[in-house]
Amino acid sequence: MRAMPQLQRLRPDHAPALLVFERQNRAYFAASVPDRGDDYFAHFGARLDALLAEQAAGVCLFHVLVDSAGEVLGRVNLVDVADGSAELGYRIAERAAGRGLATAGVREACALAAGEYGLSGLRAATTLDNAASRTVLARTGFTPCGEVELGGRPGLRFERKLDDEQGRRLP
Ligand SMILES: CC(C)(COP(=O)(O)OP(=O)(O)OC[C@H]1O[C@@H](n2cnc3c(N)ncnc32)[C@H](O)[C@@H]1OP(=O)(O)O)[C@@H](O)C(=O)NCCC(=O)NCCS
């Protein structure tokens, strides 16, 4: 049995493994979510520095799922942190799909959000045709709260209230 990858706060030293993850899965992700664009890959270091500066300012909380070899298998991000709430986003490497990684990573991020980050709720959105993502949200306690269009496709908005008793802190 494989060891479960660890959810870690994004740090500058994750950069090389993160770039490999984004490059290797670019086409796979683009089938479900908007492509990041050529500029993202051409200026990866500078973009990452800007995101880490936003993280330092408390606007975003980025996490990577890292395996025992240091490879990035997924990302779980909380963005637009304001008024006790944030927007959840996630993506898992194609080669690690269907093993429950997104479900486990989102559960962990919810516990951190309630404990470490002191948030009282999370929001998310997915397209109607993203069955895997809808399964993940349903399993992790999110409920639909409205319709939305995402990149020209019909989608649903979700929300989840957080209970600070379910919270946990980073080791
Ligand atoms: C959505 C995504 C994060 C799911 O990651 P994952 O680690 O494979 O998810 P999990 O294994 O935790 O759970 C997925 C569940 O959905 C199910 N599923 C997968 N594809 C499915 C499909 N086409 N129809 C129905 N169910 C599906 C899986 O079987 C699994 O359920 P199971 O455990 O009962 O088998 C991943 O596919 C991904 O990164 N996709 C591209 C980016 C993206 O869509 N991000 C989310 C944007 S809202």
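The values are calculated or read from the model by the stated rules, or taken from the named source; none is laboratory data. Since the structure is predicted, the reported quantities are computational estimates derived from the model, not experimental observations. Glycine gets a Cβ as well: all are built from the backbone with ideal geometry, and neighbour counts include every protein chain shown. Areas reflect the complete protein model, heavy atoms only, side chains present, ligands, DNA and RNA absent. Shrake-Rupley method; radii C 1.70, N 1.55, O 1.52, S 1.80 Å.
Just a few scattered comments:
- Boolean, ALA69 is open to solvent by 40 Å² or more (accessible area, probe 1.4 Å), within 11 Å of the ligand (Cβ to nearest atom), farther than 26 Å from ALA56 by Cα and of a type in the set (Gly, Ala, Ser): no
- Within the range 12-29, the set of residues being within 20 Å of ALA102 (Cα to Cα) and surrounded by 12 or more Cβ atoms within 10 Å (Cβ to Cβ) comprises HIS14, ALA17, LEU18, LEU19, VAL20, PHE21, GLU22, GLN24, ASN25, ARG26, TYR28, PHE29.
- Total residues in the range 42-52, condition farther than 21 Å from VAL81 by Cβ and loosely packed, with under 14 Cβ neighbours inside 10 Å: 4
- Among the residues of the range 131-152, those identified as among the aliphatic types (A, V, I, L, M) and over 21 Å from GLY100 (Cα atoms) are VAL148, LEU150.
- Residues of the range 130-151 satisfying the condition of being within 11 Å of the ligand (Cβ to nearest atom) and among the charged types (D, E, K, R): ARG134, ARG139
- Count of residues meeting criterion [in contact (Cβ under 8 Å) with a residue 12 or more places away in the chain and open to solvent by less than 50 Å² (accessible area, probe 1.4 Å)] in the range 143-168: 7
- Residue list for the range 102-129, restricted to those being out of contact with any Phe, Trp or Tyr (no Cβ under 9 Å at 6 or more places or on another chain), within 11 Å of the ligand (Cβ to nearest atom) and open to solvent by less than 30 Å² (accessible area, probe 1.4 Å): THR103, THR127
- Of all residues in the range 81-96, those satisfying the criterion of being open to solvent by 50 Å² or more (accessible area, probe 1.4 Å) and within 15 Å of the ligand (Cβ to nearest atom) are TYR90, GLU94, ARG95.
- Any hit, the range 48-56, residues being within 16 Å of the chain's Cα centre (by Cα) and free of Cβ contacts under 8 Å to residues at least 24 places away in the same chain: yes
- Single residue of the range 152-165 satisfying the filter (within 21 Å of ASP35 (Cβ to Cβ) and part of a strand (DSSP E or B)) that is farthest from the ligand (Cβ to nearest atom): PRO154
- Some residue of the range 14-21 being under 28 Å from GLY152 (Cβ atoms), within 13 Å of the ligand (Cβ to nearest atom), modelled with pLDDT of 95 or more and not β-branched (Val, Ile, Thr): yes
- The numbered conditions (1) in contact (Cβ under 8 Å) with a residue 24 or more places away in the chain; (2) in a strand (DSSP E or B) are all true for GLY105 except (2).
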